[in-house]
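The values are calculated or read from the model by the stated rules, or taken from the named source; none is laboratory data. All values derive from a computational prediction rather than experimental measurement. Note that we place each Cβ from the backbone using ideal geometry, even for glycine, and neighbour counts take in every protein chain shown.
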Amino acid sequence: MLTKFQAVLLVVVTIILALGGIAAVAAFLSHRGIAAVIGWLKARAVATPNHRSSHTVPTPQGGGIVVVPVTLVTSGVALWLIGSHVPGGPLYAALVGAATLALTAVGFIDDMRRVSIALRLVAQVLALAIVIGLMPSHLRVLPAPVPLVVERILLIGAALWFVNLFNFMDGIDLISVAETVAIALGLVVLTAFGLTPEWHGIVAAALAGAMLGFAPWNKPAARLFLGDAGSIPIGFLLAVLLIHMAAEGALVAALILPLYYFADATITLIRRLLRGERVWEAHRQHFYQQATRNGFSVIATVRRIAVLDAALIALAVIATLRGSAWAPLTALVAAAAAVAWTLRTFARGRPLREKE
């Protein structure tokens, strides 16, 4: 007869294997889908290098037109087969999918020929307003005294910033693969331990798998970029997942998992604002970009981010476990310290003897 610990361990392993299977299917479909369309993308959506670019040769972009649909289809089928319940029901899930695809379409048009900033922002605000505004009213992130309409407006604003910072941060090979997989893996782990609802893990597993299928095409020197067709809708999907996660009682974990991207993008934006720069224009001032100028290779930079993200996943789990009332705050402080140390390392660079 199994002990209580063995029974719990068996459940955790079973869930991880199931979610791993979903990720494997998504990875296969994503990789093969990109192989089928990359020639078409080379003729229609090419990123030409300029003085702000991290790449040096014209490279096709728009990989999101495969990664995003694969994520939605794989997770949708898995949710249906498993019978997992999504708050708001099938109609709400369909709205999230439709909004994600709409942002993919707008992003891909931008990858082929420039779309105005105003049009992109309008599309993002509409998508977020629909998805966040139609969340079931019992899902609350802020304390009850805060009116629901005020909370939803604040969430739309926060999610809008997250979507755009995710786009801003997609500036070197594999960085968004590493960050997306890390956040998604954090959700999978939390799901496996029963700390967040099942559907979080299913969607996260599909997204992680689709990005892993994209990774071989994006490793240095990249043969394909996500483009706005990928970074914007992926940021949107992650924002929706993190908001639902926070509303299900895991607010601190939802803050910890994306903390590196949030800190790098936000600090850089504030610095540029204080210098009076045009913050909507492309630049090379993010900490990860400083790292590649200061002695870190692209792979070394992404590796450090991945190690940091692994620590953030562990801290997110600690923050969500029931027990000490101080655990969430302690985990958040530790996460902030780890992110600050990484940013400082990137800004300082590597001593000459350590450079690759």
Filter segment 202-217 down to residues that are over 14 Å from the mean Cα position of the chain (by Cα) and surrounded by fewer than 24 Cβ atoms within 10 Å (Cβ to Cβ) and give me whichever is nearest to Gly39 (Cα to Cα). Trp217
Answer yes or no as to whether Pro87 is over 23 Å from Ser231 (Cα atoms) and at pLDDT below 95. yes
Can you name every residue in segment 273-285 that is within 16 Å of Ile117 (Cβ to Cβ) and not β-branched (Val, Ile, Thr)? Glu277, Arg278, Trp280, Glu281, Ala282, His283
(1) among the aromatic types (Phe, Trp, Tyr); (2) over 12 Å from Val163 (Cβ atoms); (3) touching a Leu at 6+ places or on another chain (Cβ under 7 Å): which one isn't true of Phe225, the others all being true? (3)
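So, in segment 291-308, of the ones that are of a type outside the set (A, V, I, L, M) and under 20 Å from Ala222 (Cβ atoms), which residue ends up surrounded by the most Cβ atoms within 10 Å (Cβ to Cβ)?
First pass over segment 291-308, keeping only residues of a type outside the set (A, V, I, L, M): 292-297, 301, 303-304.
After this cut, where a residue has to be under 20 Å from Ala222 (Cβ atoms) as well, the list is 292-293, 296-297, 301, 303-304.
Details: Thr292: 20, Arg293: 11, Phe296: 22, Ser297: 14, Thr301: 25, Arg303: 14, Arg304: 18.
So, considering only residues that are of a type outside the set (A, V, I, L, M) and under 20 Å from Ala222 (Cβ atoms), the one surrounded by the most Cβ atoms within 10 Å (Cβ to Cβ) is Thr301.
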Per-region count, segment 309-344, residues buried (at least 18 other Cβ atoms within 10 Å of the Cβ), more than 21 Å from the chain's Cα centre (by Cα) and at pLDDT 95 or above: 0
Scanning segment 143-157 for residues that are free of Cβ contacts under 8 Å to residues at least 60 places away in the same chain and either exposed (fewer than 12 other Cβ atoms within 10 Å of the Cβ) or under 16 Å from Val240 (Cα atoms) (or both) gives Pro143, Ala144, Pro145, Pro147, Val149, Val150, Glu151, Arg152, Ile153, Leu154, Ile156, Gly157
The one condition Phe168 fails out of (1) over 19 Å from the mean Cα position of the chain (by Cα); (2) closer than 24 Å to Leu226 by Cβ is (1)
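Output the residue which, of all residues in segment 67-122 that are assigned to a loop (DSSP other than H, G, I, E, B) and on the phi > 0 side of the Ramachandran plot, is surrounded by the fewest Cβ atoms within 10 Å (Cβ to Cβ). Walk me through how you get there before you give the answer.
Step one: of segment 67-122, the residues assigned to a loop (DSSP other than H, G, I, E, B) are 83-88, 113-116.
From what's left, on the phi > 0 side of the Ramachandran plot: 83, 88.
Details: Gly83: 7, Gly88: 17.
This residue is Gly83.
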Checking His138 against (1) within 16 Å of Ala210 (Cβ to Cβ); (2) outside any helix (DSSP H, G or I), which single condition isn't satisfied? (1)
Whether any residue in segment 225-241 is assigned to a loop (DSSP other than H, G, I, E, B) and charged (D, E, K, R) is what I want to check. no
Among the residues of segment 166-183, write down those that are of a type in the set (A, V, I, L, M) and at pLDDT below 95. Met169, Ile172
Counted residues in segment 59-116 being more than 20 Å from the chain's Cα centre (by Cα) and of a type in the set (Phe, Trp, Tyr) come to 2
Going by what's in this entry, would Val131 be described as surrounded by 20 or more Cβ atoms within 10 Å (Cβ to Cβ), among the β-branched types (Val, Ile, Thr) and under 14 Å from the mean Cα position of the chain (by Cα)? no
